[in-house]
1. Mind listing whichever residues of segment 263-276 are out of contact with any strand residue (DSSP E or B) (no Cβ under 9 Å at 6 or more places or on another chain) and either modelled with pLDDT under 95 or buried (at least 17 other Cβ atoms within 10 Å of the Cβ) (or both)?
2. Of the conditions (1) under 18 Å from the mean Cα position of the chain (by Cα); (2) buried (at least 17 other Cβ atoms within 10 Å of the Cβ); (3) touching a residue at least 24 places away in the same chain (Cβ under 8 Å), residue 39 clears all except one; give me its number.
3. Conditions: (1) surrounded by fewer than 20 Cβ atoms within 10 Å (Cβ to Cβ); (2) under 25 Å from residue 227 (Cβ atoms); (3) free of Cβ contacts under 8 Å to residues at least 40 places away in the same chain. Residue 61 meets all but one. Number of the miss?
4. Within the group 52, 16, which residue is closer than 22 Å to residue 131 by Cβ and either surrounded by 15 or more Cβ atoms within 10 Å (Cβ to Cβ) or within 23 Å of the chain's Cα centre (by Cα) (or both)?
5. Name the pairs whose Cβ atoms lie under 8 Å apart, with the first residue in segment 11-29 and within 12 Å of residue 182 (Cβ to Cβ), the second surrounded by fewer than 17 Cβ atoms within 10 Å (Cβ to Cβ), and 6 or more positions between them or separate chains?
6. Being under 13 Å from residue 175 (Cβ atoms) and modelled with pLDDT of 85 or more is the filter here, so list the residues in segment 39-53 that pass it.
7. What is the one condition in (1) more than 21 Å from the chain's Cα centre (by Cα); (2) assigned to a helix (DSSP H, G or I); (3) touching a residue at least 12 places away in the same chain (Cβ under 8 Å) that residue 71 does not satisfy?
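The values are calculated or read from the model by the stated rules, or taken from the named source; none is laboratory data. Bear in mind the structure is a predicted one, so any value in this text is a computation, not a measurement. Cβ placement follows ideal geometry from the backbone for every residue including glycine, while neighbour counts extend to all protein chains displayed.
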């Protein structure tokens, strides 16, 4: 558990960096860029996390490609990432289609229209999906998974990384209008994030769903031995979900609205059930691929 505690410490340090530096960064950036305060806080926290990890990586034995999840040859890595991306897109489109069929989604009145606007949206969200997947997979299923697996075994690596992966998604959901930003707003981002956990039942569906997603990715990581497939899957899921967020919104009058969480109007009991089914299929697929790989 030592490795897990160290990574928890890194997150605590990142929280402290947000509390201290989010407001100064906002003062520097806001006059020139229309960045919301919570987004600046997220980026400051990410930089703090990456800096802390960089300082500790060699000491933890994680300063090499294999430990970070990039041990496969480049050609193999890119091929597996592309397969994962395709699977991610298909499986996420399936759940979005199911949501639409159940009457859980409706078109947004401000959804982009026209081929050009739609193409721009799809391309931009692909870039976002790849960026999110690259950062989160390198850190969670790469470095953290490796460290915990070496110390406590694969099962604990799957469980602990999945829990932390889920919890991390509740950061940055606090919104502070520009006119209300003060020197204490960085602290407000942290306390607001922690406040979400004060009522665990209100976020249970979202938390369990995200933990299940993390578990599926961790199991695929364990089966493949690197993060190529998980990077592709993660990017594909985020890509489709971001586009769906821009094009649709939860239908408030649907009697099945409870299947979507209040957290983001997407993850919830329905996606949790789909993730469990999808997880079994992905485990079987990647286990079979591992068996047929040349030794």
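1. Of all residues in segment 263-276, those out of contact with any strand residue (DSSP E or B) (no Cβ under 9 Å at 6 or more places or on another chain) come to 263-264, 267-276.
Within segment 263-276, 263, 264, 267, 268, 269, 270, 271, 272, 274, 275 qualify.
2. Here residue 39 meets the rest and fails (2).
3. (3)
4. Details: 16 fails: closer than 22 Å to residue 131 by Cβ.
Selected residue: 52, the only one of 52, 16 that is closer than 22 Å to residue 131 by Cβ and either surrounded by 15 or more Cβ atoms within 10 Å (Cβ to Cβ) or within 23 Å of the chain's Cα centre (by Cα) (or both).
5. 23/182; 23/183; 23/184; 26/35
6. Taking segment 39-53 and keeping what is under 13 Å from residue 175 (Cβ atoms), we get 39-42.
The answer is 40, 41.
7. Of (1) more than 21 Å from the chain's Cα centre (by Cα); (2) assigned to a helix (DSSP H, G or I); (3) touching a residue at least 12 places away in the same chain (Cβ under 8 Å), only one is false for residue 71: (2).
Condition check ((1) within 18 Å of the chain's Cα centre (by Cα); (2) at pLDDT below 95) across all residues:
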| site | (1), (2) |
| --- | --- |
| 170 | yes, yes |
| 187 | no, yes |
| 202 | no, yes |
| 215 | yes, no |
| 230 | yes, no |
